[in-house]
Every structure is written in C-alpha cells, then in structure tokens.
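Working notes, structure below.
The values are calculated or read from the model by the stated rules, or taken from the named source; none is laboratory data. This structure is a prediction, so every number in the text was calculated from the model and none was measured. Please note: Cβ atoms are built from the backbone with ideal geometry, for glycine as well, and neighbour counts cover all protein chains shown.
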Amino acid sequence: MKKYSVFAIAREAMRGHKGWEAQWSSPEPKKEYDVIIVGAGGHGLATAYYLATVHGITNVAVLEKSWLGGGNTGRNTTIIRSNYLYDESAGIYDHALKLWDGLSQELNYNVMYSPRGVMMLAHNVHDIQVLKRHVHANRLNGIDNEWLTPEAAKEFCPPLNISRDARYPVVGAALQRRGGTARHDAVAWGYARGASARGVHIIQNCEVTGVKRAPNGAVTGVETTRGFIGAKKVGVVAAGHSSVIMNMAGVRMPLESYPLQALVSEPVKPVVPCVVMSNTVHAYISQSDKGELVIGAGTDQYVSYSQTGGLHILQHTLDAICEMFPIFTRMKMLRSWGGIVDVTPDRSPILAKTPVPGLYVNCGWGTGGFKATPGSGHVFAHTIARDDPHPINAPFTIDRFRTGRLIDEAAAAAVAH
Amino acid sequence: MLLIRCPYCEEERPELEFRNAGEAHIARSANIAGESDDDFEKFFFIRSNPKGIIYERWRHMHGCARFFNAVRDTVTDKFIMTYKAGEPKPAKLPGASK
C-alpha cells in the first residue's frame with residue numbers, strides 16, 4: 001500500500017497521475033480462510049481491519065453480495081454522536097466516537113470526520129425532561145452534552161426558527177459538541193484499503209447462499225455464488241439481511257427489517273453549521289461538504305426488503321424540516337433512497353457469539369449504526385479473535401431476549417422509533 | 001404508498017388508513033405466566049422476518065378499525081391477499097411469485 005501524502009500528490013502530479021494504485025485488490029476466493037466476514041459494509045470491513053491490525057489475523061475474507069459499501073453504509077445520513085442514555089450504550093457508542101477522532105490518521109485516508117456538534121431540539125415539557133435526563137446521564141458517563149436555551153440554540157445554528165408562533169416551538173436543546181458527521185463512503189473505502197493492504201481478501205459480487213455446519217454443529221464454511229468457501233469462524237455483519245443469513249445457519253433472530261429513507265437537496269452554500277435533530281417532529285438535518293442538505297426520514301411501518309419506501313414518509317419529514325427551518329421551504333430535493341435496517345425489540349444491537357460454535361453476529365443496529373462503525377468493528381474483531389466478547393460488547397448478547405437483561409434504548413436512544 | 005384491501009370493508013384503501021401490527025399467526029399462550037423463558041422468547045421476541053412471503057396483521061385504524069391478516073411479498077411489497085382475523089393461514093396462495 002502506497003501511503004497517501006502531499007508528496008504522493010506532488011509526485012503523481014509530475015507524472016500525470018499514472019502511478020495511483022487500486023485501493024484494494026480483488027483476488028479470487030481461496031478454498032479456506034481463518035475467518036469469513038459476511039458483508040462488506042463499514043462494520044464488516046472495520047471488523048476485518050481490526051482482526052488484521054489488532055489481532056494479527058490476516059487470513060480473512062470479506063464476502064459481499066454486491067458492491068463494497070453499497071448497502072446502509074452508502075445510504076445513511078452520516079451522523080455521529082454518543083449521547084445514549086444507558087451505561088452499556090454510552091460505553092459502545094463513545095468507544096466508537098473516540099476511535100472516530102484520529103481515524104483518518106490511523107487509516108491514512110481522509111474520512112472527513114467533522115465534530116461540528118449534534119443538537120437535539122426540545123419542543124415541549126416532556127422533551128425538556130427527557131433531554132435533560134440524557135445530559136445528566138451522559139455527563140456521569142464522561143460524555144459531553146450540554147443544555148441550551150432557544151436563543152443559544154439559534155446562535156449555534158442561525159437558520160433555526162425559534163419563534164414562539166411555531167406549531168412546535170423550540171423550547172431548548174441538548175448539544176453534544178463532539179458529535180458531527182463523517183464521509184460515509186470514505187469510511188468503507190479506508191477500512192477496505194487498510195484491510196486489503198494487510199492481506200485481507202475483499203470479494204465482491206459473491207453472495208452467501210448457505211452456512212455449512214459439521215455434525216457437531218460447528219460452522220465449517222459458507223456456500224456462495226462463487227462456490228464453497230471454508231472457515232472455522234464466520235462473522236455475520238449483514239445489516240438488514242442478518243436474519244436471512246442467520247436462518248441459513250438455523251438460528252432464528254429477534255429482528256425485523258424495515259426500509260429507512262433519506263434524501264438530499266440541491267447543493268447550496270454553507271447554511272447549516274451543525275447536525276440538528278428533533279424527535280418530536282421527527283426530522284434530522286445536516287449539510288454535506290458538497291453543500292447538499294442531508295435529511296433523514298423515518299422507517300416504514302411494515303417489514304420490507306425493497307430498499308425503497310413510501311413517499312408519505314418523506315413528506316412527513318419535509319413538513320417537519322420546513323417547520324424548523326422556514327428558510328428551506330422552497331429548496332428542491334434532488335434524490336431520495338431507502339436502506340433496509342434490522343431492528344431489535346430493545347433497539348440495541350447484538351454483537352455476540354451465537355448458539356452455533358464458530359458463528360458470530362453483529363447486527364440489530366437499526367436506524368443508527370453508522371456512528372458506531374469503528375467501535376463496532378473493533379470489539380467484534382475482539383469477539384471473533386478471542387472467541388469471547390470485549391467488555392464493551394459483553395452486554396449486547398443474543399440471549400438477552402431470553403434472560404430479560406435488555407438494554408432498552410427503545411424509549412431512551414435519544415431518537416424516536 | 002401501498003393500497004390495501006380491507007376484507008371487512010371489501011375495498012382497497014390507502015396505507016395511511018392502516019396500521020401494521022406485526023407478524024400474524026403467533027398464538028399467545030393461555031398460560032403466559034407458566035411459559036418457559038425459551039418459549040416466551042419465541043412468542044415475544046423472535047420473528048421470522050422473511051425475505052419473500054410474509055403473513056402479517058394489519059388494522060384498518062381509520063376505517064372499520066378491525067384487525068385482519070395479509071399475505072405480502074417483502075421484496076416487492078405486493079399484497080397477494082388479505083383475509084379476516086381468525087381465518088386459518090391460507091394453504092395455497094393465488095398468483096404467488098414463489
């Protein structure tokens with residue numbers, strides 16, 4: 001792997017940019033690997049990267065049914081924050097946030113992590129109580145979060161409408177200054193490049209069609225559209241399709257998959273300096289470095305794998321955006337799309353060993369997995385390498401739905417579900 | 001937006017009139033307190049989440065307000081049929097793609 005630097009740019013400029021190498025290689029699959037990761041999204045690639053860098057396991061294949069980073073990694077609204085209520089969630093999301101800081105240097109790849117602040121609006125007394133509870137809980141966990149008056153919120157985000165005449169007036173806000181955004185594609189590409197340079201095989205257009213198990217139940221490999229590939233350890237990181245893959249291994253999951261939509265506007269000059277979220281009117285918005293307003297909508301109400309969604313969901317979100325930012329009422333929206341998110345009953349992820357020996361699963365990130373990408377990959381690599389969870393993901397077991405030890409962020413995840 | 005046929009109203013109506021109520025044909029135990037942890041998990045948390053044909057409950061919230069069941073393809077979102085609550089799971093599907 002040739003290091004990217006200002007000198008590399010100068011060198012390539014001198015010779016007509018003919019020396020840039022492919023960012024990752026596309027080898028033919030081998031017969032057997034030590035570890036197979038199913039799914040080349042951000043979480044899967046990060047897992048492979050940390051298996052190689054932290055645990056020295058480089059005989060790894062990442063199998064992807066279509067193209068790298070083409071699922072939810074390329075479809076989210078790139079928001080990063082760690083202001084979750086419960087200790088377990090705070091632990092894992094803040095672990096990720098700490099890794100975001102410095103990730104570009106670590107990967108030698110600009111992931112454009114921008115801690116521009118995530119501001120969550122309160123519109124009524126209940127919101128104030130909930131958000132203040134989050135502020136206090138976060139601070140006890142060493143996570144920055146502060147309470148703003150409507151005036152301070154407007155100072156932080158000038159286009160915000162704090163008029164008392166609004167249908168749902170802004171009565172306060174919670175601000176996590178370390179929160180922000182990153183360039184989603186660059187995260188997948190940077191991890192892919194780093195993993196590939198250390199010997200990890202990234203195999204695209206290779207769909208897993210079955211999970212093979214020995215008579216004793218242990219995993220022996222996976223059937224794919226490019227033939228059987230053996231491995232004693234298989235990590236499933238397949239987002240909306242996690243339950244489909246797990247079913248192939250005979251494990252029924254506490255998951256349901258829903259379409260989640262997002263949309264972007266025409267590009268405009270810098271106008272939204274931070275991320276603004278509102279649970280009550282349900283909308284979130286930020287501005288990409290290209291100038292598009294990036295707007296997140298809600299999920300459809302029914303299970304679907306269609307990677308699309310109902311138009312009325314987008315309309316509802318844009319109603320809320322126009323309420324919060326009347327300045328945007330005449331903006332044109334350019335594109336909208338949907339991704340399939342896998343949702344657990346308690347709205348917390350599952351990163352764990354499974355009842356099948358050698359089978360590991362990292363799923364259930366629901367509507368908010370992007371922010372966790374580095375932390376999720378880091379602790380999942382640990383879980384696979386040691387066959388034992390990292391203390392940070394130890395609570396996120398698959399059997400918590402039997403034991404009842406839920407991490408019930410459903411009402412506490414700081415977003416509406 | 002989906003158009004959904006309510007088997008009680010015998011009419012196709014827009015999705016906004018309906019609420020999805022999750023997977024169908026999951027029977028609640030008559031002795032719920034006596035359920036083992038395993039069985040309770042299966043009843044309460046585990047879902048089939050199929051990529052393909054799903055049997056699910058809907059409620060015609062802003063119409064007759066009654067629950068009914070539907071068969072839908074989760075890849076195309078196409079409704080294959082709807083039927084009244086209490087009717088058995090259809091053994092044969094009309095015009096199913098799979």
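Results, tabulated for the structure shown:
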quantity: Scan of segment A:254-280 for residues that are buried (at least 19 other Cβ atoms within 10 Å of the Cβ) and more than 29 Å from B:Arg47 (Cα to Cα), ordered by number; calculated: A:Leu263, A:Val264, A:Ser265, A:Val272, A:Cys274, A:Val275, A:Val276, A:Met277, A:Ser278
quantity: Pick from segment B:48-67, criterion on the phi > 0 side of the Ramachandran plot and surrounded by fewer than 18 Cβ atoms within 10 Å (Cβ to Cβ), ranking: nearest to the other protein chains (Cβ to nearest Cβ); calculated: B:Gly52
quantity: Residues (part of a strand (DSSP E or B) and surrounded by fewer than 21 Cβ atoms within 10 Å (Cβ to Cβ)) located in segment A:231-253; calculated: A:Lys232
quantity: Long-range neighbours under 6 Å by Cβ, at least six apart or interchain, first residue outside the structural domain of A:Ile37 (by TED's automatic domain parsing) and assigned to a helix (DSSP H, G or I) within segment A:182-198, second at pLDDT below 95 and charged (D, E, K, R); calculated: none
quantity: Matching option when the condition is away from chain A (no Cβ under 14 Å) and either among the aliphatic types (A, V, I, L, M) or surrounded by fewer than 17 Cβ atoms within 10 Å (Cβ to Cβ) (or both), among B:Lys78, B:Lys84; calculated: B:Lys84
quantity: Single condition B:Ala30 does not satisfy, out of (1) away from every other protein chain (no Cβ under 13 Å); (2) under 27 Å from A:Met253 (Cα atoms); (3) crowded, with 17+ Cβ neighbours inside 10 Å; calculated: (3)
quantity: The one condition in (1) part of a loop (DSSP other than H, G, I, E, B); (2) modelled with pLDDT of 95 or more; (3) buried (at least 24 other Cβ atoms within 10 Å of the Cβ); (4) not charged (D, E, K, R) that A:Gly309 fails to fulfil; calculated: (2)
quantity: Unique residue being more than 26 Å from A:Asn247 (Cα to Cα) and either β-branched (Val, Ile, Thr) or within 11 Å of chain A (Cβ to nearest Cβ) (or both) when the list is B:Phe45, B:Phe18; calculated: B:Phe18
quantity: Matching option when the condition is away from every other protein chain (no Cβ under 14 Å), more than 26 Å from A:Ala166 (Cβ to Cβ), within 22 Å of the chain's Cα centre (by Cα) and among the β-branched types (Val, Ile, Thr), among A:Val264, A:Val237; calculated: A:Val237
quantity: A:Val272 more than 14 Å from chain B (Cβ to nearest Cβ) and either hydroxyl-bearing (Ser, Thr, Tyr) or within 24 Å of A:Thr373 (Cα to Cα) (or both); calculated: no
quantity: Failed item in (1) assigned by TED's automatic domain parsing to the domain that holds A:Gly39; (2) touching a residue at least 40 places away in the same chain (Cβ under 8 Å); (3) within 22 Å of the chain's Cα centre (by Cα), with A:Ala394 passing the rest; calculated: (2)
quantity: Selected residue [over 19 Å from A:Val303 (Cα atoms), touching a residue at least 12 places away in the same chain (Cβ under 8 Å) and not acidic (Asp, Glu)] from B:Ala70, B:Ala85, B:Ala65, B:Ala33; calculated: B:Ala85
quantity: Residue that is surrounded by the fewest Cβ atoms within 10 Å (Cβ to Cβ) [pool: residues in segment A:347-363 that are within 14 Å of another protein chain (Cβ to nearest Cβ), assigned to a loop (DSSP other than H, G, I, E, B) and touching a Phe, Trp or Tyr at 6+ places or on another chain (Cβ under 8 Å)]; calculated: A:Thr354
quantity: Breaking point among (1) buried (at least 18 other Cβ atoms within 10 Å of the Cβ); (2) among the hydroxyl-bearing types (Ser, Thr, Tyr); (3) free of Cβ contacts under 8 Å to residues at least 60 places away in the same chain, for A:Thr299; calculated: (3)
quantity: Residue match in segment A:155-169 (condition: of a type outside the set (Phe, Trp, Tyr) and not in a loop (DSSP other than H, G, I, E, B)); calculated: yes
quantity: Those residues of segment B:1-10 which are more than 9 Å from chain A (Cβ to nearest Cβ) and either within 19 Å of A:Glu256 (Cα to Cα) or surrounded by 14 or more Cβ atoms within 10 Å (Cβ to Cβ) (or both), in sequence order; calculated: B:Ile4, B:Arg5, B:Cys6, B:Pro7, B:Tyr8, B:Cys9
